Amino acid sequence: MIGMTRAHMADPHIVRKIMAGQETDIRPCVGATYCLDRIYQGGDALCIHNAATGRELTMPQDIEPADVVKK
């Protein structure tokens, strides 16, 4: 489980997507180590690939589809 921490920070729905057969929709950890750099500097653990990580109180992980579809 420890090895999957950054993967879950990048995409907290990783297990649900695997179980649904949606592996291509998984947002992967790109290994930028931004999360670790922030922690070592005494800041919040934020993710360069998932803006909602660390901001869950103000930014939802699930985004509703737009009412109007655009090209």
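Please go through region 36-47 and give me each residue that is modelled with pLDDT of 85 or more and buried (at least 16 other Cβ atoms within 10 Å of the Cβ), ordered by number.
Within region 36-47, 46, 47 meet the criteria.
Could you pull out the residue among 8, 13 that is without any contact (Cβ under 8 Å) to a residue 24 or more places away in the chain and not acidic (Asp, Glu)?
Details: 13 fails: without any contact (Cβ under 8 Å) to a residue 24 or more places away in the chain.
Only one candidate qualifies: 8.
Could you tell me which residue of region 48-71 is surrounded by the fewest Cβ atoms within 10 Å (Cβ to Cβ), considering only residues that are in contact (Cβ under 8 Å) with a residue 40 or more places away in the chain and in contact with a helix residue (DSSP H, G or I) (Cβ under 6 Å, 6 or more places away or on another chain)?
50
Output the residues belonging to region 19-35 that are hydrophobic (A, V, I, L, M, F, W, C) and either surrounded by 12 or more Cβ atoms within 10 Å (Cβ to Cβ) or in contact (Cβ under 8 Å) with a residue 12 or more places away in the chain (or both).
26, 29, 30, 32, 35
The values are calculated or read from the model by the stated rules, or taken from the named source; none is laboratory data. Computed from a prediction, not measured in an experiment: that's the story for all the values here. Note: ideal-geometry Cβ built from the backbone for every residue, glycine included; neighbour counts use all protein chains shown.
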